[in-house]
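What follows is a single structure, written as structure tokens, with notes after it.
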């Protein structure tokens, strides 16, 4: 984070150079960092065991309720409570709340020793819901619900292609690569060799990708952070509350339902994380690159990354204190 801020402030035209490396609204440097980060994690998943997750109705229903009912409604509430006088930032926050996590959650879950197979299934479900429901949810939270409550409404048209492209790039590519690596590796050399010899070689790349992505995010927005600290702080506060409350709620609900530590942790991280790649792309595509909505989308991962790193340690502490499995 510190290195990224320094690079963004001191390297001339770094922001413009990185922003120019795009296909549509997808940033190629960020895409590379995320793909490098996610591939080792998805290569670790035992895909032949994911079918058992689909029979765990308690986990699946709870995840859907938190992700698609409670979390977006909570972000909507926070946006109006903290930013009633800043409609652009408020709209950006609501968009962040609608973009359910399909990418970085895999590494948070892995670092916290969550259930990899459950995480893969929940992320896939979120991706499907994202394509099918994002536009409808945006219409509801930006126009219908505010109108019911007597609040100002926001007109916005979300591109289905932008949403689909985000899912395909940030989930589809590493998922396919991880799946094929697992299948071919086990067929060629067996599971013992694959898990004891091959995975230890590629595993460190997940952290390399994470560090690269974090540095890049802060480098891209270093100038904005340093020049508009009050705006960033106004956006950051509701985000901080959101991540802490949703994660804590996920842990408490999972513990109450006796899901066990691994699945409870997966539930909490898949609920707390957001698809910032999609949120930023949608905000830029709908409102423009210099809009307040885009800035709110950018601040999202700048807060999410350090907070969820910290919550990895919280989860591991809770494992020792509250879970026996």
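For region 120-140, give me each residue that is within 15 Å of residue 41 (Cα to Cα) and modelled with pLDDT under 90.
As a first pass, look at region 120-140 and keep what is within 15 Å of residue 41 (Cα to Cα): 120-124.
Correct list: 120, 121, 123, 124.
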Could you list, in sequence order, all residues of region 132-157 that are surrounded by 15 or more Cβ atoms within 10 Å (Cβ to Cβ) and under 12 Å from residue 98 (Cα atoms)? 133, 134, 135, 137, 138, 139, 140, 141, 142
Please indicate, with yes or no, whether at least one residue in region 202-209 is surrounded by 15 or more Cβ atoms within 10 Å (Cβ to Cβ) and farther than 21 Å from residue 32 by Cβ. no
Hey, which of the helices (runs of 4 or more DSSP H) in region 25-143, taking only ones fully inside, have at least 1 residues that are within 29 Å of residue 256 (Cα to Cα), free of Cβ contacts under 8 Å to residues at least 12 places away in the same chain and under 16 Å from the mean Cα position of the chain (by Cα)? 116-139
Within region 100-136, which residues are in contact with a strand residue (DSSP E or B) (Cβ under 7 Å, 6 or more places away or on another chain) and more than 19 Å from residue 72 (Cα to Cα)? none
So which residues in region 275-296 are crowded, with 19+ Cβ neighbours inside 10 Å and assigned to a loop (DSSP other than H, G, I, E, B), if there are any at all? 275
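Would you check if residue 299 is surrounded by fewer than 23 Cβ atoms within 10 Å (Cβ to Cβ), closer than 30 Å to residue 83 by Cα and touching a residue at least 12 places away in the same chain (Cβ under 8 Å)?
Values: surrounded by fewer than 23 Cβ atoms within 10 Å (Cβ to Cβ): no; closer than 30 Å to residue 83 by Cα: yes; touching a residue at least 12 places away in the same chain (Cβ under 8 Å): yes.
Considered against the rule, which asks whether it is surrounded by fewer than 23 Cβ atoms within 10 Å (Cβ to Cβ), closer than 30 Å to residue 83 by Cα and touching a residue at least 12 places away in the same chain (Cβ under 8 Å), residue 299 comes out as no.
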What pairs can you find where one residue is in region 267-291 and on the phi > 0 side of the Ramachandran plot, the other is surrounded by fewer than 24 Cβ atoms within 10 Å (Cβ to Cβ) and part of a helix (DSSP H, G or I), and their Cβ atoms are less than 7 Å apart, with a gap of 6+ or different chains? 288/294
May I ask you to verify whether residue 304 is more than 22 Å from residue 77 (Cβ to Cβ), in a helix (DSSP H, G or I) and touching a strand residue (DSSP E or B) at 6+ places or on another chain (Cβ under 8 Å)? no
Would you please name the residue that is farthest from residue 164 (Cα to Cα), looking only at residues in region 19-40 that are buried (at least 19 other Cβ atoms within 10 Å of the Cβ) and modelled with pLDDT under 75? 27
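Rundown of residues vs (1) touching a helix residue (DSSP H, G or I) at 6+ places or on another chain (Cβ under 9 Å); (2) part of a helix (DSSP H, G or I); (3) at pLDDT below 90; (4) within 15 Å of residue 104 (Cα to Cα), yes/no style:
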site: 172; (1), (2), (3), (4): yes, yes, yes, yes
site: 175; (1), (2), (3), (4): yes, yes, yes, yes
site: 183; (1), (2), (3), (4): yes, yes, no, no
site: 188; (1), (2), (3), (4): yes, yes, no, no
site: 198; (1), (2), (3), (4): yes, yes, no, no
site: 211; (1), (2), (3), (4): yes, yes, yes, yes
site: 214; (1), (2), (3), (4): yes, yes, yes, yes
site: 218; (1), (2), (3), (4): yes, yes, yes, no
site: 225; (1), (2), (3), (4): yes, yes, yes, no
Return only the number of the condition from (1) touching a residue at least 40 places away in the same chain (Cβ under 8 Å); (2) over 16 Å from residue 311 (Cα atoms) that residue 256 does not satisfy. (1)
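The values are calculated or read from the model by the stated rules, or taken from the named source; none is laboratory data. Just so it is clear, the structure is predicted and the values come from calculations on it, not from any experiment. Quick reminder, even Gly has a Cβ in these numbers, built from the backbone with ideal geometry, and neighbours come from all protein chains shown.
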